[in-house]
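Okay, structure first, notes after.
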Amino acid sequence: MLKIKGINDSLVIFFSHGSFEEYRKLMEEKIIANKQLFSGSRVIFRGEGLNELSHDEIAELQKLCLNNGMILNNTSAKNNSPEPHVEIKKPEPVIPKIDTNILIIRRNLRSGQKVHSEGSVIVWGDVHESAEITAAGDIIVLGKLAGIAHAGYYGKEDSIVFALNLVPSQIRIANNISRASDNEDKRPYPEIAFLEDGNICVQEYSTAKLPYR
C-alpha cells in the first residue's frame, strides 16, 4: 500500500491502491517511528495510487511532509509510473513553462483576508498589512504588498514574489523566510524577491537582469 525507498539522495514514497485515510495514517506512523530519517530529506511522491486521490488530498499529504521538516522534490502531483527511471537525452533548448493554473484577483485584499492557490496568484490591487497569500507558484501584486506572501508553498524554489511597491511584513519562498525591513517607504520602482544560494534576495525589477531563476 505504501513503500518508502531511498533513491538518488531522495526518499521516494510509492503509493499503491488505498484510501487517503490509510495513506495518511501509514505516513504518520512511519514519520513518528523514524523522525531523524525524514527530517531534512527530499521527498518524491510516485505510484498509481496517486490517481485515486484528489488534488486536495495530495496537498494534505504534502503538508504532512512539510510540517515534519521534509522538502518536496516532486516534478508533478501525479505520476502513473510505479518506479522512477533515468533517461539520457541530448541537451535541448530551455523553453519557459507557462503556468496555466493562475488565480487572478481584481480587488484589494484587506487585513485578515487569506488567499491560497495551487498555482500562481496575480492581484490587481493592494495587499494590506496582515492579509496573507500562499501560492504553489509565483505571487505578483500590481499594487502595494504590505501583508504576508508565501510563494512556492510546496517547496518550489524557483518561485518569485513581485510587487509594484514591495513592503511585506513577511516573505517566504519555498522553505525560506525573510522578515520585513525597517524601510517601509514607498519606492518609485517595482521590486522582485527570489531565491539565490538559499537566501531570499530583493532587488529592483529590470528586464535587463532577467532571468531571476
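Computed from the coordinates by the stated procedures, all read-outs in this text should not be read as laboratory data. Keep in mind it's a predicted model, so treat the numbers as computed, not measured. Glycine also receives a Cβ, built like all others from the backbone with ideal geometry; neighbour counts cover every protein chain displayed.
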Based only on other Cβ atoms within 10 Å, what is the fewest-to-most ordering of 202, 115? 202, 115
Structure shown: which of 114/156; 63/144; 35/63; 114/144; 3/156; 3/30 lie over 18 Å apart, alpha-carbon to alpha-carbon? 114/156; 63/144; 3/156
Once phi for every residue in the stretch 35-41 is put through the Karplus expression 6.51 cos²θ - 1.76 cosθ + 1.60 (θ = phi - 60°), the whole-Hz ³J(HN,Hα) values, with Gly and Pro written as x, are 5, 5, 5, 7, 4, x, 7
Taking every DSSP bridge whose two residues both lie in the stretch 102-209, the antiparallel percent to the nearest 5 is 35 percent
If every Lys and Arg gets +1 and every Asp and Glu gets -1 at its Cβ, then about the Cα centre the stretch 2-72 yields a dipole, in debye to the nearest 20, of 360 debye
